[in-house]
1. Can you give the log10 of the normalised intensity I(q)/I(0) at q = 0.14, 0.20, 0.27 Å⁻¹, computed with Debye over equal Cα scatterers of region 86-157?
2. In cubic angstrom, how much convex hull volume per residue do the alpha carbon atoms of region 199-331 span?
3. Compare the peptides 220-228, 68-76 by average per-residue count of other Cβ atoms within 10 angstrom and give them in order, highest first.
4. Obtain the nm distance between the two label points defined at Arg205 and Asp310 by a simple spin-label model: each point lies 7 Å from its Cα along the Cα-to-C-beta direction.
5. At 7 Å along the Cα-to-beta-carbon direction for both Ser158 and Glu33, put a label point, then send me their distance in nm to one decimal.
6. Based on alpha-carbon positions alone, could you give the equivalent ellipsoid semi-axes of region 115-209 from the gyration tensor, as √(5λ), descending, whole Å?
7. Between Thr190 and Glu147, what is the label-to-label distance in nm when each label sits 7 Å out along the Cα-to-Cβ direction?
8. What percent does the relative contact order of region 1-72 come to when contacts are Cα pairs within less than 8 Å and at least six residues apart?
Amino acid sequence: MGRLLEVRDLRTYFKTDDGLVKAVDGVSFYIDEQEIVGVVGESGCGKSVTQLSVMQLIANPGKIVGGEVIFEGEDILKYKQHGEEMRAIRGGKIAMIFQEPMTSLNPVLTLNQQLSESLMLHLKMNKEDARKRAIELLGLVGIPSPETRIDDYPHQFSGGMRQRVMIAMGLSCNPKILIADEPTTALDVTTQAQLLELMTEMVERFKSSLVIVTHNLGVVARYAKRIYIMYAGKIVEEGTCKEIFKRPRHPYTIGLLNSVPRLDVEGERLVPIEGLPPNLTNMPDQCAFLPRCPYKTEKCRTSPMPELRDVTGEGHKIRCYVDIAEVDNVTAK
Ligand SMILES: Nc1ncnc2c1ncn2[C@@H]1O[C@H](COP(=O)(O)OP(=O)(O)OP(=O)(O)O)[C@@H](O)[C@H]1O
Ligand SMILES: [Mg+2]
């Protein structure tokens, strides 16, 4: 499968009264056609800002200050934020499902009005065809009686059902990429699992790629082919899901693995990572994880932020001087 999206050295900063927040600071990643990729990290590490930057959905006081977003061979960061080309990409070729459905579903419009609008805009459908397609989409994502529910308003649905509607909206224009930004945090574990299951089924059917953005590494275990771990605006580990679960190599990844529940492991003991992520306005020169790292060495204390390096020669990369896999007795659960 070919390369669909490649983000290179993306930097997005926010000018605040407390200083410059380097929310995304030199992030590079790629997505292949029909691939499922996970982006994982604690709250505030820059996951959403990264994805929003890809869509050029960054508003004041934020600014994309550097990098490239190559999509189908073009650097789409060169497109004007509110121009025709970007509008065709947003919701058309790249669709995003947001954290909180009530912020992205319009409460005063029925599902038909919202779904049809997007189908008419991006796929140039007429009103009747759009309605037919909208009903079909609601059926596909498991909304019962879609032919009547389509004229209901978002608040007439439960949280889980609203998420299903969001998935239908996201997929309505046959996007090449569906970005699901933490679509599941406010929901119980069973609903969460069902929705992920549904999303992966749907992207397979639509031949789209899927980016699952979450703070729960356990959530992506079953679905993602590759994973990017973010910390303080940077990627600190990347590799295939298999490699990362078998042999995590960044101390932060180990911490994440031990601190989040997995959908496929029962009765496990959870150990939170001690301490807090750094203040992004006042970043130290050294590794950002240093103060929380149980494996730090003298070199870590005296050296600048490590570069991402490929430790296996096969794309398993870490931003760390210590390769945990080489430290005794470290294994993932
Ligand atoms: N409008 C803004 N003004 C100032 N800082 C911002 C703004 N939006 C985001 N940030 C900062 O950018 C950083 C990254 O935020 P982002 O929303 O990408 O985090 P996240 O990884 O998605 O977290 P979560 O898991 O909570 O969704 C945070 O430290 C946040 O405070
Ligand atoms: Mg977020």
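No lab work stands behind these numbers, since they all come straight from the coordinates. The structure displayed is predicted, hence computed values, not measured ones. Note that we place each Cβ from the backbone using ideal geometry, even for glycine, and neighbour counts take in every protein chain shown.
1. -0.44, -0.91, -1.38
2. Working: hull volume 16.5 nm³, N = 133.
Convex hull of Cα atoms, per residue: 124 Å³.
3. Order by mean packing, descending: 220-228, 68-76.
4. Between Arg205 and Asp310, the label points sit 3.8 nm apart.
5. 3.9 nm
6. Details: eigenvalues 92, 55, 22 Å².
Semi-axis lengths for region 115-209 are 21, 17, 11 Å.
7. 3.1 nm
8. Details: 127 pairs, mean separation 33.0, N = 72.
For region 1-72, the relative contact order is 46 percent.
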